[in-house]
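FYI, it's all coordinate maths here, none of it is from the lab. Remember, predicted model here, so these are calculated numbers, not experimental data. Reconstructed Cβ throughout: ideal geometry from the backbone, glycine too, with neighbour counts over all protein chains shown.
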Amino acid sequence: MTGALAAALALAALAVLLSGSLLLAGRFLRVDEDKRLEKLVSLLPGTNCGACGQPGCRAFAEALLNDQAVPAGCSVSSDEARQRIAIFLDVPVGEAERRVARLACAGDRNTARFLADYQGESSCASAAVVDDGGKACAWGCLGLGDCERACDFDAIDMSPLGLPVVDEAKCTACGDCVRACPKDLFRIVPEKQPLWVACNNPLEGNDMLETCKVACTACERCVRDAPGWLTLENNLPVPVNGADGRPPRSAIDRCPTGAIVWIENGKPQLGNSARLPSALRAGKQTA
């Protein structure tokens, strides 16, 4: 009994010692919360979308208070709301490059071949595990609208021919469509980036055109026409990071399939050599 009692007393003393240490640590190491935080959180939209680069609105508010962000960084807020935040903090609104989501696929039911008619749950995530939803291109959009349903800002609509269309004026770059797409076809890019490759096919050569008429064939014409702005990676042209100035619009002119487009005010424009009528790229039926 004496040994058990001694052990119990030792444990009790250790518990008291640890509790006291925690109390002292809490007293001397406590960081007082900025009293403006709750008010600032209330001025933010509360969507916790992550478009600002922070995990949520509260984290963005803390970044604002620590001078690690500017009000303009909240792309979801209106201009008026960002101005109210700036006035509350007595700081400039600042500037932030607007970013939008874009789809790396143009293979709708008019241009891409289907091998089978998928009859399961109307979900891209479900179709992707059943022989790629019946689409011949293993990298193409399945067109069942997971991205449209995931978008809380009504910035995505499905076209009549089964491709999501992003309204860049409504897009907040929250990334929900990126996470929803099982084919990893959405990218968050600067709105002012005019050159866009609407294809995710990593194969080289014209054989891919039997599967999708608007596929990129890695011919490299656009790369040669826009040196310093485009480079080829995994058989797809991609913008060069840090390139100065504005790329030439002529970079799309020699693309034979229209896989690379020029986007102006949210509207894609085809080059002069694209063999397909622009109505096909707009997702409209043609005679």
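Angle between the Cα long axis of helix 79-89 and the longest principal axis of the chain, 0 to 90 degrees, nearest 10?
The helix 79-89 is inclined about 30 degrees to the chain.
Report the net charge of residues surrounding C49, where surrounding means a beta-carbon distance below 10 angstrom and charges are Lys +1, Arg +1, Asp -1, Glu -1.
Combined, the nearby Lys, Arg, Asp and Glu give -2.
Within 10 Å of each residue's Cβ, count the other Cβ atoms and sort F60, F153 from fewest upward.
F153, F60
Would you calculate a helix-derived [θ] at 222 nm for the chain, using -39,500 (n - 2.57) for each DSSP H run of n ≥ 4 and dividing by the full residue count, to the nearest 500? Spell out each step's value before the answer.
Numbers: 9 runs with 78 residues, N = 287.
Mean residue ellipticity, 222 nm, calculated: -7500 deg cm²/dmol.
Could you tell me which of rounded, prolate or oblate describes the chain, using a ≥ b ≥ c as the square roots of the eigenvalues of the alpha-carbon gyration tensor, with rounded for a/c under 1.5 and, failing that, prolate when a/b is larger than b/c and oblate otherwise?
Numbers: a/c = 2.66, a/b = 1.85, b/c = 1.44.
Verdict is prolate for the chain.
Between the alpha-carbon centers of the range 172-212 and the range 102-163, tell me the distance in whole angstrom.
That distance is 13 Å.
Arrange the following residues from fewest to most other Cβ atoms within 10 Å of their Cβ: I260, I87, I156.
I87, I156, I260
Please work out how much length the chain gains when fully extended from L14 to R36, using 0.36 nm per residue of separation minus the C-alpha to C-alpha distance, in nm with one decimal.
So the chain would gain 3.9 nm between L14 and R36.
Could you work out the relative contact order of the chain, using alpha carbon pairs under 8 angstrom and six or more residues apart, expressed as a whole percent?
Relative contact order for the chain comes out at 14 percent.
Given points 7 Å out from each Cα along the Cα-Cβ axis, report the S250 to R149 separation in nanometres with one decimal.
4.8
If one takes the longest principal axis of the Cα atoms in the chain, at what angle in degrees, from 0 to 90 and to the nearest 10, does the Cα axis of helix 2-29 lie?
For helix 2-29, the angle is close to 60 degrees.
Under 28 Å between alpha carbons, and skipping anything fewer than 8 positions from K183 in its own chain: which lysines qualify?
Reachable lysines: K135, K170, K192, K213, K267, K284.
What FRET efficiency comes out for A136 versus S78 if R0 is 45 angstrom and r is the Cβ-Cβ distance? Round to the nearest 0.05.
For A136 and S78, the calculated efficiency is 0.55.
Mean separation of Cα pairs under 8 Å and 6+ residues apart, divided by the residue count of the range 38-89: what relative contact order is that in percent? Walk me through the intermediate numbers first.
Details: 47 pairs, mean separation 17.8, N = 52.
Normalised by residue count, the contact order of the range 38-89 is 34 percent.
Net charge within 12 Å of K135 by Cβ-Cβ distance, Lys/Arg positive one each and Asp/Glu negative one each, not counting K135 itself?
Details: positive: R109, R113, K183; negative: D108, D117, D131, D132.
Here the count lands on -1.
What translational diffusion coefficient, in µm²/s and rounded to a whole number, does the Stokes-Einstein relation yield for the range 38-89 at 20 °C and a viscosity of 1.002 mPa s, taking the hydrodynamic radius as the Kirkwood radius over Cα pairs?
204
Which FRET efficiency value, to the nearest 0.05, do you get for E210 and N265 by plugging their Cβ-Cβ distance into 1/(1 + (r/R0)^6) with R0 = 41 Å?
For E210 and N265, the calculated efficiency is 0.75.
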